[in-house]
Amino acid sequence: MPVLTVRGATVSYGGRAVVRGADLAVAPGEAVALMGANGSGKSTLIKAVAGLVPLAGGTIELFGTPQKRFRDWRRIGYVPQRTGAASGVPSTAAEVVSQGRLAHRLLGMPARRADRDAVARSLAEVGLADHAHCSVDTLSGGQQQRVLIARALATDPDLLIMDEPTVGVDAETQTALAAVIADRIDAGCAVLLVTHELGPLTDRLDRAVVLADGKVVHDGAPPRPVGEHADPAHEHVHPHANGHNGTDDLWGGK
Amino acid sequence: MILDYFQYEFMQRALLSALVVGLCAPTVGVFLVQKRLALIGDGLGHVALTGVAVGFLTGAAPVWTTLAVTVAAAVVMELLRAKSKTSGDVALAMLFYGGLAGGVYLTGIASDKGVANLQQYLFGSLLTAGWSEVWTIVIGGAAVAALMLVLRPWLTAICADEQYARVSGLPVAALNLLLLVTTAVTVSVSMRAVGILLVSALLVIPVVTVQQFTRSFKATMFASMAAGFLISGAGVLTSAAQDVPPGATIVLIGVAVFLVTAVAAALTRRVRQTRRAHLPPEGEPLEVELPANA
């Protein structure tokens, strides 16, 4: 049973169809990238999958259940397009990540040991264990993005939906994030990733779906890098001058 | 001696009501500030004016008519915000205009039934509150605070990142509605203490004062309760000593405390910049070759 099946999805904003009859399927444990130029409708399609924008036509099934009747949202980890994790009132990284466990808790019930463990584990996975009790607005943009990814991991998802998770994130963090996501894929988690660039995260993809003008124009092998990126000598990892490379600390300097 | 005032029962009632409101209002306010709806309390305060006027008109107790009218307004506002293209600040503007006009209009109709009383609701009149009104404040305040404390993680989630909350499958619409209805209840029960034009102050001021120093949401919530408690207490004591209206005194003390702490926070931040708790992140390597200095 596929994790996600989208058939003929059409999404309109103010009468203009942004996504036009797109088909998309993700099998369990499969890693799929949704690619396309800015304005191709990839973010809109993923928002429709997440239930944030209504469909004008077509159907979406999550884990074999039509989206309207789907209630098991804790099986889905969602990383929104970069907005920053900070908000009006200060929150610690641990508090933001614990939002990822709310779907596992009954309304009004206190967090259980499993919830606290999942929060601590997710923060450690993204290399922020030492920053659990820091206010997120004192963290850098890349660290805030890691907090949002940890929040999605904390729900122990079977499908991880990420909307441009690496925009504005430094190369070192991208490499480390790719390792974290790869671990989850190995553990059987399916990944649907919106991206417009090839990078460390795209190396582990099984398949890419390319949108242009709201229509699927390619569904198959991930596009190969061209130009400078095709050069085997081209380094994806941008070495830092401070000598952290070569240590086994995946996340580089704290 | 300032404690001499409290041999009078009306002063004890005034202090008790103010302390309860100061303690409980920030528990709601912290979510409103997070949601960038800091003025919603004031908007519902204007609607409460209509509620008080309905009370004059019908002869019912103003607390209950106010409660009914503000809760109805909160529901309408949330539906407008969620279901139509009306933005939050437009809905808020309508509350301000409609609430004020409704209050003045209905009071005009009821002009023979104690219009002189209107001012006690506008600016608060702790000193004339009877025990039954004090108990309404205590029970309402306790219910509000308990609900907000128990639901803190869920309300934080919908206020900080509503989209994420929806994708996690949380009952976002119901929680939003609950928050606004709770605000309406808070406004209705605290109008005795600070008055409906100033009630927003006790929702917001303690929160924005303490959040300059706190790192976590939980700490902000509890510290703002303490701040609201102290500000209200200080306001009642000062107003008793100087024989001025308690509502205005509480709010002025709150504003003064906020200004002082804002300056203090700016100074501490300057000190902290030189002694940071954790190092600033490393930047990307500069991907250009700098020309060698000749």
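In whole angstrom, how far apart do the alpha carbon centroids of region B:67-82 and region A:119-189 sit? When both Cα centres are located, 39 Å separates them.
Multiplying the residue separation of B:THR128 and B:ILE109 by 0.36 nm and subtracting their alpha-carbon distance yields 4.3 nm. Mean residue ellipticity, 222 nm, helices only, chain A: the sum of -39500 (n - 2.57) across DSSP H runs of n ≥ 4, divided by residue count and rounded to 500, is -7000 deg cm²/dmol. In order along region B:215-222, the phi-based Karplus estimate (6.51 cos²θ - 1.76 cosθ + 1.60, θ = phi - 60°) of 3J(HN,Hα) comes to 10, 10, 5, 4, 5, 4, 4, 6 Hz; Gly and Pro are listed as x. Each Lys and Arg contributes +1 and each Asp and Glu -1, all at the Cβ; summed about the Cα centre of chain A, the dipole is approximately 1280 debye.
Over 29 Å between Cα atoms, which of A:LYS42/B:LYS83; A:LYS68/A:LYS215; A:LYS215/B:LYS35; A:LYS42/B:LYS218 qualify?
On the way: A:LYS42/B:LYS83 26 Å; A:LYS68/A:LYS215 23 Å; A:LYS215/B:LYS35 36 Å; A:LYS42/B:LYS218 37 Å.
Pairs exceeding 29 Å: A:LYS215/B:LYS35; A:LYS42/B:LYS218.
DSSP bridge analysis restricted to the protein assembly as shown gives an antiparallel fraction near 55%, rounded to the nearest 5.
Surface burial for B against A, with a 1.4 Å probe and both sides summed, reaches about 3300 Å² of accessible area.
Taken per residue, the accessible surface of chain B reaches 47 Å², heavy atoms only and a 1.4 Å probe.
Using the rule -39500 (n - 2.57) for each DSSP H run of four or more residues, divided by the residues of chain B, the 222 nm mean residue ellipticity is -25500 deg cm²/dmol. The DSSP beta bridges internal to region A:4-225 are antiparallel in roughly 55% of cases. The Cα center of region A:27-81 and the Cα center of region B:29-44 differ in position by 32 Å.
Ligands, DNA and RNA left out, the 1.4 Å accessible surface of region B:153-245 is 66% carbon and sulfur atoms. Farthest towards the positive end of the charge dipole of chain B, among the residues B:LEU67, B:LEU197, B:ALA110, is the Cα of B:LEU67, using unit charges on the Cβ of Lys, Arg, Asp and Glu.
Residues of region A:149-196 that bury at least 30 Å² of accessible area when the other protein chains are present, relative to the chain alone (probe 1.4 Å, heavy atoms, ligands and nucleic acids excluded): A:ARG151, A:ASP170. Solvent-accessible area of chain A (1.4 angstrom probe, protein heavy atoms only): carbon and sulfur portion equals 52 percent. Where the alpha-carbon atoms of region B:2-271 are placed on the principal axes, they occupy 53, 47, 29 Å, in descending order.
The values are calculated or read from the model by the stated rules, or taken from the named source; none is laboratory data. Being a predicted model, the structure only gives us computed values, none of them experimental. Neighbour counts are summed over all protein chains in view; Cβ atoms, including those assigned to glycine, are modelled from backbone coordinates with ideal geometry. Protein only, heavy atoms only, side chains kept; ligands, DNA and RNA dropped before computing areas. Shrake-Rupley method; radii C 1.70, N 1.55, O 1.52, S 1.80 Å.
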